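Asks: What follows is a single structure, and I will ask about it in a moment.
The values are calculated or read from the model by the stated rules, or taken from the named source; none is laboratory data. Since we're looking at a predicted model, the values are computed, not measured. No Cβ is skipped: glycine too gets one built from the backbone with ideal geometry, and neighbour counts run over all protein chains shown. Each accessible area value is taken on the protein alone, full model and side chains, heavy atoms only, with ligands, DNA and RNA left out. Shrake-Rupley method; radii C 1.70, N 1.55, O 1.52, S 1.80 Å.
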Amino acid sequence: MEITKYPRHLAIIMDGNGRWAKKQGLMRGFGHEKGVQTVREVVEYCVAHEIPYLTLYAFSTENWNRPALEVKALMELLVKFLKKEADALHKNNVRLKAIGNLDRFPAKAKDALLKTIDRLKDNTGTTLTLALSYGAREELLTAVKQLSAAVKEGELTTDAIDETVMQRYLYTFDLPDVDLLIRTSGEYRISNFLLWQIAYAELYFTEVLWPEFTKAHLEEALLSYQNRERRFGKISEQLK
Ligand code: IPE
Ligand code: IPE
Ligand code: MG
């Protein structure tokens, strides 16, 4: 079957790098490096098929609790990725965005990220959002704190807080809701990713480990998405 209906916003929990490396008898870091290749392919696919928003879960707030050496390796890999890919991203008209608490990032990684975001800021193609030091609960708490401050300052009344206002206080204020969420590596959980934004997303889980996730696997997920009926609470007949 041909894919004719693409999601507007595709989000991916890229999982299984460590297990992939272990399977090859390698250190976990090699899994992360191999995973970057998958990132490149998925970004290129989204660009080629004009998927407007791609959001990748690259590092969670909970991932700070990993062994220090692995955290360091991941930060270095991010810097390397940005350096290596910036030209190609620019050529592909990709805009870059980051969501999460970047203040916890080492200066070098934060600088590289902000510089690349700035360089790509006027691009008009696919928006690639990297979730870095991201946690949905932290995002929601930040929003709640800012909202209560705004109410206290008299800029907003409690009654005026609706879903649209809430959305404006999220890291994803300029992104639409997620249409399709993919998680690799056979884990059936959300792990604190985009809790608000996936309220009506279609979920797709695959056993494939992230470093082995190919264009063909992505197309399987997209076909599954295309064949689903998104009812948003209504009944089938109402959608006709
Ligand atoms: C996903 O792969 C990448 C990050 C969370 C940074 P993992 O590192 O979680 O790989 P597994 O789950 O241990 O196999
Ligand atoms: C989720 O993967 C976070 C990222 C993919 C960045 P984890 O491997 O950290 O998730 P858990 O701990 O298995 O739920
Ligand atoms: Mg994992």
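Asks: Given a 1.4 angstrom probe, I'd like the percentage of the accessible area of the chain that is carbon and sulfur, rounded to a whole number. Don't skip to the end; give the middle numbers.
Replies: On the way: 6830 of 12970 Å².
So the carbon and sulfur contribution to the accessible surface is 53 percent.
Asks: To continue, here is another question. Can you tell me the FRET efficiency between residue 156 and residue 22 if r is taken as the Cβ-Cβ distance and R0 is 45 Å, rounded to the nearest 0.05?
Replies: 0.35
Asks: Between rounded, prolate and oblate, where does segment 187-240 land on the alpha carbon gyration tensor, with a ≥ b ≥ c its root eigenvalues, rounded for a/c under 1.5, else prolate if a/b exceeds b/c? Intermediate results must be reported in sequence, preceding the final value.
Replies: Details: a/c = 3.41, a/b = 1.49, b/c = 2.29.
Since a/c reaches 1.5 but b/c is at least a/b, the shape of segment 187-240 is classed as oblate.
Asks: To the nearest 0.05, how large is the calculated FRET efficiency for residue 216 and residue 146 if R₀ is 41 Å and r is the Cβ-Cβ distance?
Replies: Working: r = 43 Å, r/R0 = 1.04.
According to the calculation, E is roughly 0.45.
Asks: Here is a follow-up. As a test, work out the antiparallel percent of DSSP beta bridges whose residues both lie in the chain, rounded to the nearest 5.
Replies: Details: 0 of 25 bridges.
Given both bridge residues lie in the chain, the antiparallel proportion sits at roughly 0 percent.
Asks: Same structure, new question: If contacts are Cα pairs under 8 angstrom and at least 6 residues apart, what is the relative contact order of the chain in percent?
Replies: RCO, the chain: 29 percent.
Asks: Largest first, what is the accessible-area ranking of 164, 142, 184 with a 1.4 Å probe? Before the final figure, lay out the partial values.
Replies: Details: 164 90, 142 45, 184 0 Å².
Ranking 164, 142, 184 by accessible area, largest first, yields 164, 142, 184.
Asks: Considering only the other residues whose Cβ falls under 14 Å of the Cβ of residue 28, what net charge follows from Lys and Arg at +1 and Asp and Glu at -1? Kindly include the intermediate steps, with their values, before the conclusion.
Replies: Details: positive: 19, 22, 23, 34, 66, 72; negative: 15, 33, 70, 76.
Residues close to residue 28 contribute a combined charge of +2.
Asks: Next question, about the same structure. Which ³J(HN,Hα) values in Hz, rounded to whole numbers, follow from the phi angles of segment 182-195 under the Karplus curve 6.51 cos²θ - 1.76 cosθ + 1.60, where θ = phi - 60° and Gly and Pro get x?
Replies: Calculated HN-Hα couplings, in order: 10, 10, 8, 6, x, 9, 9, 8, 9, 6, 6, 9, 6, 4 Hz.
Asks: Now a separate question. Go through segment 225-240 residue by residue and turn each phi into a ³J(HN,Hα) via Karplus (6.51, -1.76, 1.60, θ = phi - 60°); whole Hz please, and just put x for glycine and proline.
Replies: Values, residue by residue: 4, 4, 8, 8, 9, 8, 8, 6, x, 7, 9, 3, 4, 6, 8, 6 Hz.
Asks: Given a 1.4 angstrom probe, what's the average accessible area per residue across segment 1-81, in square angstrom?
Replies: 52
Asks: Taking H placed 1.01 Å from N in the peptide plane, check which residues at least 5 places from residue 98 or on another chain put their amide H under 5 Å from its amide H.
Replies: HN-HN under 5 Å from residue 98: 130.
Asks: A further question follows. Test of the criteria: in segment 95-190, which GluC sites (Glu not before Pro) are in a DSSP loop and have at most 12 other Cβ atoms within 10 angstrom of their Cβ? Let's see the in-between values first.
Replies: Working: sites: 138, 139, 153, 155, 163, 187; in loops: 153, 155, 187.
Passing both the DSSP loop test and the Cβ count: 153, 155.
Asks: Among 19, 28, 230, whose mean-square fluctuation peaks in a Gaussian network model of the chain (Cα, cutoff 10 Å)?
Replies: Looking only at 19, 28, 230, the biggest GNM fluctuation is shown by 230.
Asks: Looking at the square roots a ≥ b ≥ c of the eigenvalues of the Cα gyration tensor of segment 1-146, which shape do they give, rounded for a/c under 1.5, prolate if a/b is larger than b/c, or oblate?
Replies: Working: a/c = 1.42, a/b = 1.15, b/c = 1.24.
It is rounded, given that a/c, with a ≥ b ≥ c, falls under 1.5.
Asks: Quick one: how many Å² of residue 171 are accessible to a 1.4 Å probe, rounded to 10?
Replies: Counting only protein heavy atoms, residue 171 exposes about 50 Å² to solvent.
Asks: What nm distance separates the two modelled labels at residue 76 and residue 37, each placed 7 Å from Cα along Cα→Cβ?
Replies: About 2.0 nm, to one decimal.
Asks: Related question: Helix-derived [θ] at 222 nm for the chain: sum -39500 (n - 2.57) over DSSP H runs of at least 4, divide by residue count, nearest 500?
Replies: Numbers: 7 runs with 100 residues, N = 240.
Theoretical 222 nm ellipticity from helices: -13500 deg cm²/dmol.
Asks: Considering Cα pairs under 8 angstrom that are at least six residues apart, work out the relative contact order of segment 1-143 and quote it in whole percent. If you can, show how the numbers build up before the last one.
Replies: Numbers: 189 pairs, mean separation 41.6, N = 143.
Answer for segment 1-143 is 29 percent.
Asks: Looking at segment 35-108, which GluC sites (Glu not before Pro) are in a loop (DSSP not H, G, I, E or B) and have at most 14 other Cβ atoms within 10 Å?
Replies: 50
Asks: Once R0 is set to 41 Å, what does the formula 1/(1 + (r/R0)^6) return for the Cβ-Cβ distance between residue 117 and residue 226, expressed as a FRET efficiency to the nearest 0.05?
Replies: Values: r = 32 Å, r/R0 = 0.77.
With a Förster radius of 41 Å, E is 0.80.
Asks: Another question about this same structure. Considering only protein heavy atoms, what is the solvent-accessible area of residue 75 at a probe of 1.4 Å, reported in Å² to the nearest 10?
Replies: For residue 75, the solvent-accessible surface is approximately 20 Å².
Asks: For the pairs 23/83; 22/84; 34/108; 84/110, note any where the Cα-Cα span goes beyond 19 Å.
Replies: Distance filter (> 19 Å) returns 23/83; 22/84; 34/108.
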